[in-house]
1. So which residues in region 103-118 are of a type outside the set (Gly, Ala, Ser), at pLDDT below 90 and surrounded by fewer than 16 Cβ atoms within 10 Å (Cβ to Cβ)?
2. Within the bounds of region 257-266, is there any residue that is at pLDDT 85 or above, touching a Phe, Trp or Tyr at 6+ places or on another chain (Cβ under 6 Å) and either closer than 26 Å to Asp137 by Cα or part of a helix (DSSP H, G or I) (or both)?
3. Given the condition over 21 Å from the mean Cα position of the chain (by Cα) and surrounded by fewer than 21 Cβ atoms within 10 Å (Cβ to Cβ), answer yes or no: does some residue in region 79-92 qualify?
4. Would region 139-156 turn up any residue that is touching a helix residue (DSSP H, G or I) at 6+ places or on another chain (Cβ under 8 Å), over 30 Å from Arg238 (Cβ atoms) and crowded, with 22+ Cβ neighbours inside 10 Å?
5. I need the full set of residues from region 86-102 which are under 18 Å from Arg8 (Cα atoms) and charged (D, E, K, R), in order please.
6. Could you check region 119-131 and list, in sequence order, the residues that are hydroxyl-bearing (Ser, Thr, Tyr) and buried (at least 17 other Cβ atoms within 10 Å of the Cβ)?
7. Which one is nearest to Arg242 (Cα to Cα) among residues in region 109-141 that are touching a Leu at 6+ places or on another chain (Cβ under 8 Å) and part of a loop (DSSP other than H, G, I, E, B)?
8. Residue check: is Gln227 farther than 27 Å from Tyr150 by Cβ and in contact (Cβ under 8 Å) with a residue 12 or more places away in the chain?
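The values are calculated or read from the model by the stated rules, or taken from the named source; none is laboratory data. Everything numeric in this text was worked out from a predicted model, so none of it was measured. In this analysis, Cβ positions are derived from the backbone assuming ideal geometry, glycine residues included, and neighbour counts consider all displayed protein chains.
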Amino acid sequence: MTTAYDIRFNDSPHLELDKKMRVLKVLRPQVIIASAIDDKNVSGEYNWLCYMFIKEPEDIFGQPFFYFKIQEQKIKFRIPAAYLGGGIGWLEPVKEGEKPTFKTSHGYYFQGFDQPEILRTEWREYRQYDNGPIIEDDKYYGEFVQLHIYTKGLFGQNVTVKIRNGKDEDLYREESIDTRDEEGKNVHTKKYLGEYISTIFAFEESGTGATSTLKNTSKKAKSTLVQKTIINVRLEQRWRIRHDADIQIKAVIDSTVEGCATFTSDLMGVKIRRAGDPPPTSVEKIGNQAVQIDDFTTSIFEFNPCKYTKITKTYGNTWPETLFDT
């Protein structure tokens with residue numbers, strides 16, 4: 001039988017503890033101190049599981065960020081910055097020789113938060129594995145590029161990206177009639193070529209600063225987790241038809257998270273291909289779309305779904321009849 005523990009946390013104005021739901025909310029980045037007390041208040045040799053869920057609740061065996069053994073009842077840990085903003089983790093002490101249960105009678109969920117901010121962007125060459133170099137020169141209509149967006153305090157949250165020209169004008173808009181309303185009037189839908197919604201995730205990068213590349217497998221390269229998303233952008237030929245000129249483009253990025261300011265990327269030049277210019281880059285024609293990693297949740301309720309434990313039927317003056325009881 002696995003031992004159940006009462007977990008106690010250090011006092012802090014930036015920690016919110018829901019003992020009923022077994023959830024710890026960390027409102028600002030900080031060191032957390034947790035203590036495990038069993039029903040006999042006995043200390044011993046413990047394994048502590050401190051684990052970040054990567055996808056859906058069913059993916060119980062995701063990527064743990066640490067799991068270690070100590071000979072005391074307390075541990076100190078800090079939620080990695082790449083997961084702040086909504087990432088869900090699990091903390092559970094396990095007695096030597098026992099296994100983790102992932103049950104709320106034995107552990108706590110935790111979420112960390114930080115001031116949300118879009119930190120910077122990089123226009124990069126398109127590559128299949130998202131590790132293209134930073135673009136130094138102008139690009140041509142019809143080519144593909146990638147926009148890497150770095151953030152903090154936004155893990156699991158969506159950002160909206162709109163590509164505009166240097167004059168802050170929408171590059172292209174299609175208007176169609178998709179349906180009719182209740183009065184029979186046409187309902188017009190406007191579609192912008194160059195508008196995306198993407199989810200912030202945690203990526204592994206090697207190197208530092210603007211020269212970093214994604215998932216470098218070199219043994220000498222030091223990897224770190226960063227919070228970001230990646231947008232595949234096609235430099236539409238229809239933009240050229242509308243403007244018939246070389247232009248500059250930028251990305252205007254917003255988040256629905258309160259307190260996160262709008263961010264505008266650096267300008268990138270887009271040119272008409274002329275005689276003597278290099279041939280176009282050969283890439284898969286996937287069109288304008290955001291790079292989606294996978295589905296994952298930022299809601300604790302996905303891990304603690306509502307459920308019933310007993311069903312009772314009553315009719316008139318008859319005695320209640322139990323149909324189901326756990």
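1. Within region 103-118, just Lys103 meets the criteria.
2. So the first thing to find is which residues in region 257-266 are at pLDDT 85 or above, and the list is 257-266.
Within this subset, residues satisfying the condition of being touching a Phe, Trp or Tyr at 6+ places or on another chain (Cβ under 6 Å) are none.
No, because not a single residue in region 257-266 is at pLDDT 85 or above, touching a Phe, Trp or Tyr at 6+ places or on another chain (Cβ under 6 Å) and either closer than 26 Å to Asp137 by Cα or part of a helix (DSSP H, G or I) (or both).
3. no
4. Looking for residues that are touching a helix residue (DSSP H, G or I) at 6+ places or on another chain (Cβ under 8 Å), over 30 Å from Arg238 (Cβ atoms) and crowded, with 22+ Cβ neighbours inside 10 Å, one finds at least one in region 139-156, hence yes.
5. If the condition is that a residue be under 18 Å from Arg8 (Cα atoms) and charged (D, E, K, R), then Glu92, Lys95 are the ones that fit.
6. Thr121, Tyr126
7. For region 109-141, the residue satisfying everything is Tyr141.
8. no
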